[in-house]
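Read the structure below first, then the notes.
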Amino acid sequence: MSEEIQKFTVTIDGESIQVAPGTTILNAARQIGGKIVPPAMCYYSSLKGSGGKCRTCLVEVSKGSEKDPRPMPKLVASCSTTVMDGMEVKNITSPKVLNARKGVVEFLLLNHPLDCPICDQAGECHLQDLAFEHGVAKTRYEFKRREFDKIDIGDYIKLHMTRCILCYRCVYTANQLTDSREHGVLKRGDAAEIGTFLEKNLNNDFIGNVIDVCPVGALTDKTFRFRSRVWYTNPVDANCECNKCSGKAVLWMIGDEVARVTARKDQYGEVKEFICNECRFDKKEVAKWNIEGPRKISRHSVISANHYEQPIPEHTTLLNKA
Ligand code: SF4
Ligand code: FES
C-alpha cells in the first residue's frame with residue numbers, strides 16, 4: 001500500500017497551493033508562478049548550498065502555521081525557509097518587504113559600477129532588472145568604491161570583480177560540475193573577492209557554465225565580449241551530437257554567424273542542462289548544429305526588442321512596415 005505524503009498548504013500574497021513538506025517558500029511561490037515569485041540573485045535550484053547570501057528574496061511570514069499562527073518576527077529569506085502547513089506569506093503585498101528589498105538593492109549597488117552601457121550582460125542582467133524595479137535613482141554612498149583590475153581566468157573567461165555581488169553561484173558551479181576546485185571567495189567582508197588558487201586558469205571541461213550562472217556581468221565570455229548588444233542578436237535553439245553534454249544550446253546569431261553559444265535558461269534565469277566548453281566556445285559554425293527554431297523570449301525582456309517574433313501592430317501602414 002503506497003503511503004500518501006501529506007501536503008502542506010501555503011498562501012502567498014493571497015494565492016494558495018499545496019506543496020510537499022520541505023519545500024521552500026521560494027519554490028512554493030515558483031509553483032504558483034507570476035508576479036508573486038520573489039527575486040533570487042544567489043539561489044540556483046540545481047546548485048547544492050546556494051541561497052541565503054543576497055537577501056533579495058526576503059518575504060514576510062504573517063502567519064507561521066495552522067498550529068502556531070504567530071507571525072515570524074523578522075523578514076525571512078524565502079529561498080532557505082521551508083513552508084509549514086497553513087503558513088501565510090506576503091511578498092509584493094507587504095510594504096515592509098518592498099522597503100527592505102529597496103535597501104538590499106542599494107547595498108548590492110554600493111560598489112557596483114554604472115557599467116550597463118558597455119557591459120556584455122546588459123539586457124540579461126538580474127541586477128539591472130532588480131535596480132529597475134526596486135532601485136533608487138541616486139546613490140547615498142560617499143566612500144571610495146572597491147577597485148580591481150580585470151582578470152583573465154583561463155582562455156575563455158574574463159572576471160570584472162567590480163561587478164561581482166558575491167553570490168557564490170560560480171564557486172558552487174565549479175565545485176559541483178567540474179573535477180577540481182580551482183577558485184573561490186578569498187578574504188572576508190568588504191575585502192572579499194573571487195580568486196583563483198595561485199593564479200591558476202579555470203580550464204575544466206564545464207567551467208564555461210560559470211558565465212551563465214553569474215547573475216551580473218562579472219564573468220564574461222571572451223569569445224563574445226563587446227561584439228554586440230544582446231538585443232541585436234537573434235537567439236535560436238539548436239542541438240548537436242556531443243559525448244560530454246546534452247548538446248542542447250542557444251545560438252545567438254548575428255546574420256548567419258554564431259556570435260555566442262549559451263546553455264538554455266528557464267523563466268527564472270536558471271540553466272537546467274549545463275553544456276561543455278567545446279559546445280560553448282569551439283562550435284561557432286552553424287553547420288555543426290541542428291537548428292530547432294527561434295528561441296522563445298519573454299516579450300518583457302529587452303532581448304525581444306526589434307525581434308522578428310514581435311507582432312506588427314494592426315494600424316501599421318505598409319509604408320512604415322517597409
Ligand atoms: S562572479 Fe558572478 S557568479 Fe561569481 S560570485 Fe560574483 S556575481 Fe556571483
Ligand atoms: S536568493 Fe535568497 S538570499 Fe539570495
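Read-outs throughout are calculated quantities, based only on the coordinates presented, and are distinct from any laboratory measurement. Not measured: the values here are computed from a predicted model. All Cβ positions, glycine included, derive from the backbone under ideal geometry; neighbour counts span all protein chains shown.
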Notebook entry, point to check: Nearest 20 debye, what's the magnitude of the dipole of segment 8-105 about its Cα centre given +1 on Lys and Arg Cβ and -1 on Asp and Glu Cβ?
Noted result: 460 debye
Item checked: For the chain, Kirkwood radius (reciprocal of mean inverse C-alpha pair distance, Å) -> 21.5 Å
Note to self: Taking the Cα centre as origin and putting +1 on Lys and Arg beta-carbons and -1 on Asp and Glu beta-carbons, what dipole magnitude results for the chain, to the nearest 20 debye?
What the structure shows: 840 debye
Checklist line | Using θ = phi - 60° and Karplus 6.51 cos²θ - 1.76 cosθ + 1.60, couplings along segment 233-247 (whole Hz; Gly, Pro as x) | finding: 9, 10, x, 10, 6, 8, 9, 8, 6, 9, 8, 9, 9, 5, x
Notebook entry, point to check: Looking only at segment 4-25, which residues have a backbone nitrogen under 11 Å from a spot 7 Å from the Cα of Glu66 in the C-beta direction?
Noted result: 7-10
Checklist line | Hits among lysines - C-alpha to C-alpha of Lys150 under 20 Å, sequence gap 8 or more where chains match | finding: Lys158, Lys187, Lys200, Lys222
Check: Along the Cα-to-Cβ line of Glu292, 7 Å from the Cα, sits a label point; which residues in segment 22-61 have backbone N less than 20 Å from it?
Finding: 45-46
Item checked: Positive-pole candidate from Val258, Asn91, Ser46, dipole of the chain, charges at beta carbon -> Asn91
Notebook entry, point to check: Relative contact order (percent) for the chain, with alpha-carbon contacts under 8 angstrom and 6 or more residues of separation?
Noted result: 13 percent
Margin query: Relative contact order for segment 230-304: what percent, with Cα pairs under 8 Å and sequence separation of 6 or more?
Written below: 35 percent
Checklist line | Sum of -39500 (n - 2.57) over DSSP H runs of 4+, divided by residues of the chain (222 nm, nearest 500) | finding: -4000 deg cm²/dmol
Margin query: At a threshold of 8 angstrom on Cα-Cα distance, excluding pairs fewer than six apart, so keeping six or more, what relative contact order does segment 1-136 reach in percent?
Written below: 24 percent
Check: Using r as the Cβ-Cβ distance of Lys150 and Lys35, and R0 as 35 Å, what FRET efficiency do you calculate, to the nearest 0.05?
Finding: 0.45
Next item on the list: Only residues of segment 107-127 count here: report those whose backbone N is under 16 Å from the spot 7 Å along Cα→Cβ of Leu166, or say none.
Entry: 107-113
Check: So what J values fall out for segment 212-224 if you push phi through Karplus, 6.51 cos²θ - 1.76 cosθ + 1.60 with θ = phi - 60°, rounded to Hz, Gly and Pro as x?
Finding: 5, 7, 5, x, 10, x, 6, 10, 10, 7, 5, 7, 10
Next item on the list: Compute the length gained on full extension between Phe107 and Glu4: take 0.36 nm times their separation in residues and subtract their Cα-Cα distance, giving the result in nm to one decimal.
Entry: 32.6 nm
Next item on the list: Please list 279-285, 7-13 highest first by mean number of surrounding beta-carbon atoms within 10 Å per residue.
Entry: 7-13, 279-285
Item checked: Lysine pair count for segment 1-101 [Cα-Cα under 20 Å; pairs on different chains or 8 or more apart] -> 12
Check: Mind checking which lysines have their C-alpha under 18 Å from Lys138, skipping anything on the same chain fewer than 8 residues away?
Finding: Lys102
